[in-house]
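Down below is the structure, laid out as structure tokens.
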Amino acid sequence: MAADSQDLPEASIQNILDQDSLKWVFVGGKGGVGKTTCSSILSILLSRVRQSVLIISTDPAHNLSDAFQQRFTKTPTLVNGFTNLYAMEVDPTVENEEVGGPDGMDSLFSELANAIPGIDEAMSFAEMLKLVQTMDYSVIVFDTAPTGHTLRLLQFPSTLEKGLAKVMSLRNKFGGLMTQMTRLFGIDDEFGEDAILGRLEGMKDVIEQVNKQFKDPDLTTFVCVCIPEFLSLYETERLVQELTKFEIDTHNIIINQVLFDEEDVDSKLLRARMRMQQKYLDQFYMLYDDFHISKLPLLAEEVTGVEALKAFSPHFLTPYKPSAANYTVEELEQKVSTLRQRLQDAEAELERIRKGKQKA
């Protein structure tokens, strides 16, 4: 099936730029497929049509600083060369420093964290969302961690609910014992079980409020980034199914690192890889015939720095065309001459092999 077939949605992310109501844009996929580059370019394009844009990296690898060649922290920082694009990097697995001191609260909170897997992550994510909601950005782009982490992030409301239930059951079971224990360990009231409970309640409210927004297709969309290989196709299918289960809108797929069939590719390895990629590209178009599918070329070097990101951004809006289509007459004549020479060399090699076989 041809990518530019009339019945397929436009091969572009223009639909995201046109949707003025969008508040949250998630960019996710398997590790190593170019999510950070895609989310960075998406945020640059959004900054042209929106009042203010914040891009947040929730990937512990934090490639955002590499992409923009600028150091980012957990505080939103203006990206160099922009007046309305901000970036921040948050580590969802960091310890909650503000929860308590190294001795007192640590023991009690780490017990809670161990009892409910993901509770520390959920709470730091809630803290970050609380912070973001107090800021007035017109759209927020999430450069998410690889797929498994992204799906955990979407389960945070239920994780926090489990956390609350656990604290309540401990409270009911042991009554005032927990309070006595916290005092015995010299923990202030502000770090006691009431404080944890209150904080969990607060986090849960924020997460639930945001979760409602995540499930609203007018406010939230998810962009899947992948490469034309089996594992990436499989991971994308799993991600799309999970997003559907969580009622999160997704209708854009970016297929990165595509080898386009240019006339001057004579490497057997590249040709074989192109055939393999084409097989998976066909499957993508068959599975996601109602998605906006953008294909991006495999480049000789990484796209890093604001200028390189801007230069690559047009391919997100109009389908990439190999440069072969833009040759001048002189360049084409040179190519024909080179191909003739290669053909002569190949024929001479074939003749040599034939003669060698006859002698044998």
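When the criteria are applied in full, Asp289 meets the requirement of being surrounded by fewer than 18 Cβ atoms within 10 Å (Cβ to Cβ), touching a Leu at 6+ places or on another chain (Cβ under 8 Å) and not basic (Lys, Arg).
Here Thr244 passes the criteria (1) more than 24 Å from Leu46 (Cα to Cα); (2) touching a residue at least 12 places away in the same chain (Cβ under 8 Å) except the one numbered (2). Of all residues in the range 260-273, those that are under 18 Å from Leu339 (Cβ atoms) and not assigned by TED's automatic domain parsing to the domain that holds Arg340 have Cβ atoms under 6 Å from Cβ atoms of residues that are at pLDDT below 85 and part of a loop (DSSP other than H, G, I, E, B), 6 or more apart or on another chain, in Glu262/Pro322.
Looking only at residues that are modelled with pLDDT of 90 or more and in a loop (DSSP other than H, G, I, E, B) in the range 299-326, which one is surrounded by the most Cβ atoms within 10 Å (Cβ to Cβ)? Filtering the range 299-326 for residues that are modelled with pLDDT of 90 or more and in a loop (DSSP other than H, G, I, E, B), the one surrounded by the most Cβ atoms within 10 Å (Cβ to Cβ) comes out as Val303. The helices (runs of 4 or more DSSP H) falling completely within the range 25-125 that include 1 or more residues that are under 15 Å from Phe142 (Cα atoms) and modelled with pLDDT of 65 or more map to 35-49, 64-68. Among residues of the range 200-216 that are assigned by TED's automatic domain parsing to the domain that holds Lys130 and under 23 Å from His251 (Cα atoms), those with a Cβ under 6 angstrom from a residue that is loosely packed, with under 14 Cβ neighbours inside 10 Å and modelled with pLDDT of 80 or more, sequence gap 6+ or separate chain, pair up as Lys215/Glu247.
Applying the criterion of being hydroxyl-bearing (Ser, Thr, Tyr) and at pLDDT 70 or above to the residues of the range 126-157, the residue that is farthest from the chain's Cα centre (by Cα) is Thr134.
The values are calculated or read from the model by the stated rules, or taken from the named source; none is laboratory data. In this text the structure is predicted, and so the values were computed from the model without any measurement. All Cβ positions, even for glycine, are placed from backbone atoms using ideal geometry, and neighbour counts span all protein chains on display.
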